[in-house]
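The values are calculated or read from the model by the stated rules, or taken from the named source; none is laboratory data. All of these numbers come straight from a predicted model, not from anything done at the bench. Note: ideal-geometry Cβ built from the backbone for every residue, glycine included; neighbour counts use all protein chains shown. All accessible areas refer to the heavy atoms of the entire protein, side chains included, with ligands and DNA or RNA removed. Shrake-Rupley method; radii C 1.70, N 1.55, O 1.52, S 1.80 Å.
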Amino acid sequence: MAKQFFYLLLILLLLPYHKLFSQTDTLFYADPDSGTVLSKTPHTPIPKRAALYSAVLPGLGQAYNRQLWKVPVIYAGIGTLTYFIISNRQEYLIYRDALRFAADTIPGNEMPQFANASIDFLRVNRDYYRRNLELCIILSSALYALNIVDAYVYAHLKGFDVGGDIALKVKPFLFHRNNTELATGLTLNISFKK
């Protein structure tokens, strides 16, 4: 069963590469300055493929989009959140067990490091570490989703022209409110040239 699952996973991962071994119709030309051969067809990422790659392995979609600088950022976030998940879980389990032993009425059945701790102290710390653990799990899920969305959106916007035709200017603005008070604000000026 495990062998069949491995072969199925291997086929699914290699399926997008079936076009690698076919001939492509590209035009090559030589750069007159350096003499190197350049291709006229730039890398245009496919958004669904970039999202799938990021879903399978975080950061792979960014590497597919040739945004290699984002890969260490993603793994630094994953590593940091994993560290906090592990440490908060360990502390949560310690305070949870200490609270269970403190609530037990059998004398001598407590953890020695919390022998003089009150039940309220143990409960507050247990709840604190549980909340932090749950928050880190939510943040890691958000980081995973953001990784997929980033790869997908960048693949869509790779060929978007951000030329000089669109301009955004942000300026401070002072105005009178109720003809007596002076208030501040921001103005956003968007101009389209064509």
Quiz item: Is one or more of the residues making up the stretch 149-157 of a type in the set (D, E, K, R) and surrounded by 10 or more Cβ atoms within 10 Å (Cβ to Cβ)?
Solution: yes
Quiz prompt | Hits in the stretch 110-158 - residues which are polar (S, T, N, Q) and closer than 17 Å to residue 74 by Cβ | solution = 140, 141, 147
Exercise. Would you mind stating whether residue 94 is within 26 Å of the chain's Cα centre (by Cα) and modelled with pLDDT of 90 or more?
Key: no
Practice problem: Search the stretch 73-89 for residues that are part of a helix (DSSP H, G or I) and pair each with any residue that is among the aromatic types (Phe, Trp, Tyr) and surrounded by 12 or more Cβ atoms within 10 Å (Cβ to Cβ) when their beta-carbon atoms are under 6 Å apart and the residues are at least 6 apart or on different chains. | Solution: 88/129
Quiz prompt | Any chance residue 163 is open to solvent by less than 70 Å² (accessible area, probe 1.4 Å), farther than 15 Å from residue 67 by Cβ and at pLDDT below 80 | solution = yes
